[in-house]
Each structure stands twice: as structure tokens, then as C-alpha cells.
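Below is one structure, written out as C-alpha cells; comments come after it.
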Amino acid sequence: MIKTWKFTLFFLLCLVIALLFNLPVQHLMQWVKLPQSIQVSGIDGTLISGKAREITINRFPLRNLRYRYMPSCIGLLKVCYRIEYDRGEIQAAYDLLNGDAEISNTRIDYAVPELMEHVPNQLVQPAGRLELTIDQLSYLEGRPANINGRLVWRDLGLDDEGIKINIGDYQVDFKGDSTRYEFVIKDLDASLDVKGDGEIKPGGLYKINIRIDGESGIDTNVKTVLGVVATSVGYNKYRVERSGRLPPHITRQLFK
């Protein structure tokens with residue numbers, strides 16, 4: 001009799017799991033506590049795999065996504081997914097115990113002009129491609145708690161009213177948590193030697209310090225742009241120093 005009950009309970013558990021994973025994902029989304037900065041629309045499929053018309057992260061849309069379940073982290077009491085779309089890949093995890101979310105092993109690639117469509121009141125038309133890699137981004141109570149990664153701007157330059165500038169590839173390494181964010185700026189064997197750093201503190205207070213050196217000469221158009229955004233400190237040497245406060249809506253997303 002005991003063996004029969006054990007077998008029955010095991011069978012019922014397997015049945016519940018099978019039904020759960022094959023239940024339409026639309027019915028399950030109402031129980032998932034996503035951060036306020038993440039919105040999902042047009043989702044179709046099951047817990048195993050499916051697609052979504054759009055996911056919006058901090059008002060930025062990711063469209064035509066495909067997702068699949070990753071069973072490797074179920075032992076950590078997390079539900080993990082690999083999300084793919086035409087601009088990159090995202091690995092997302094949902095903690096079943098506390099409802100927190102985490103993003104890791106993520107790569108996103110966009111043409112800069114495409115991104116600038118979401119930026120109002122542009123004064124110039126930047127060119128190139130942005131490659132964003134997020135090693136880890138965790139959310140606690142809907143706000144970033146820990147982040148580290150890097151952003152590479154390939155073929156950084158301008159393409160505006162006949163002015164075409166390409167000064168090479170540059171990288172920004174960033175890390176931080178809910179108390180402070182730091183970033184380091186450097187060139188990747190580009191035409192300008194660039195080194196710099198910056199930080200963002202609670203309250204949205206930010207500070208940037210960048211040193212630019214064009215030892216082999218600087219294109220006339222590049223000099224014109226540097227004359228607007230930087231201060232000359234010597235022959236073909238410039239410095240950018242900025243400090244201030246971020247807009248309130250950005251500060252609220254970064255700090256509790």
C-alpha cells in the first residue's frame with residue numbers, strides 16, 4: 001500500500017509539472033512580478049518556448065523575440081530563459097523565492113542612428129555601431145542592485161550634413177550597485193588616445209573626466225567637434241570635465 005501511494009504521488013507530481021509547463025504563458029504572466037521598468041506585450045507560447053511581439057526595458061523596445069526555457073538553474077530555485085532577437089541575445093532569470101529578476105550573459109548590437117531615433121532634440125547625427133555586453137544585472141524590488149558589463153562603440157563618428165568623421169573604436173567598462181556606479185573609458189587602438197573615468201552617486205550626481213591625445217595629428221572636422229565639447233590643454237591634447245545631476249526619472253531607476 002505504501003509503495004502504491006508513493007507511486008501515485010510521484011505520478012501526480014509529474015502530471016502537475018507537465019500541465020504547468022504546457023499551460024499557455026499568458027495565464028502565467030499575471031503571477032510574475034516583473035520590474036516596473038520591464039513591460040511585455042504580444043506574448044504567445046508555453047513555459048518551454050514561445051515568442052513575444054515586444055519587450056520594453058526602460059522605455060526602449062525589443063521586438064520580435066523568441067524565448068526558450070533553460071533547465072540548468074532550476075536547482076537554484078530560479079526560472080531561466082534565453083531570449084533571442086535580431087539585435088542580440090539576453091539570458092534572464094526569475095527567482096521563485098523572492099520574485100527578483102536577473103539578466104546575465106547578454107549581448108546587444110545596434111546601429112547608432114537607429115538608437116538615436118529614441119533620443120529627442122538631437123544636435124548632431126552620430127554614426128557607428130554600439131555593442132552592449134552585460135555580464136550581470138540584478139534587480140531587487142524593481143531597481144538595479146548590481147551591474148557590470150561594457151559598451152563598445154565601433155567606428156565612432158558623425159555623419160551630419162555632409163560632415164563624415166570616423167575616429168575608431170572605443171570602450172566603456174561599467175560596474176556598480178544601488179550606492180554608486182563607476183565607469184572607465186578607453187580607446188581600442190583608435191586614432192585618438194582616450195583615457196577617462198566617471199561616477200554616478202545617489203541623487204543622480206555625476207562626474208566625468210576624460211583625457212584625449214591625438215599624437216599623430218587630428219582631422220580638421222574632429223578638431224572642430226573637440227573644440228565644442230572639450231577644452232584644449234596643449235597641442236592636440238584635450239580634456240573633458242563634466243559634473244552635474246541626472247534627470248529625476250533616470251535617477252529613480254538607478255537608486256532606491
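Only the coordinates and a few stated rules stand behind these numbers; no lab work does. Every value quoted in this text rests on a predicted model; they were computed, and no experiment measured them. Neighbour counts run over all protein chains shown; Cβ positions are idealised from the backbone, glycine included.
On the basis of being of a type in the set (D, E, K, R), surrounded by fewer than 16 Cβ atoms within 10 Å (Cβ to Cβ) and assigned to a strand (DSSP E or B), does residue 159 make the cut? Answer is no for this residue. Inside region 185-198, can you point out the residues that are over 12 Å from residue 172 (Cα atoms) and out of contact with any helix residue (DSSP H, G or I) (no Cβ under 9 Å at 6 or more places or on another chain)? Scanning region 185-198 gives 189, 190, 193.
In region 44-80, the residue that is nearest to the chain's Cα centre (by Cα) out of those that are under 25 Å from residue 98 (Cα atoms) and among the aromatic types (Phe, Trp, Tyr) is 67. If you filter region 229-249 down to residues that are free of Cβ contacts under 8 Å to residues at least 24 places away in the same chain and out of contact with any strand residue (DSSP E or B) (no Cβ under 8 Å at 6 or more places or on another chain), you find that the one that is nearest to residue 191 (Cα to Cα) is 235.
Among the residues of region 165-186, which ones are crowded, with 17+ Cβ neighbours inside 10 Å and over 20 Å from residue 213 (Cβ atoms)? Hits for region 165-186 are 174, 176, 181. Scanning region 57-102 for residues that are closer than 19 Å to residue 41 by Cβ and aliphatic (A, V, I, L, M) yields 57, 62, 65, 83, 90, 92, 101.
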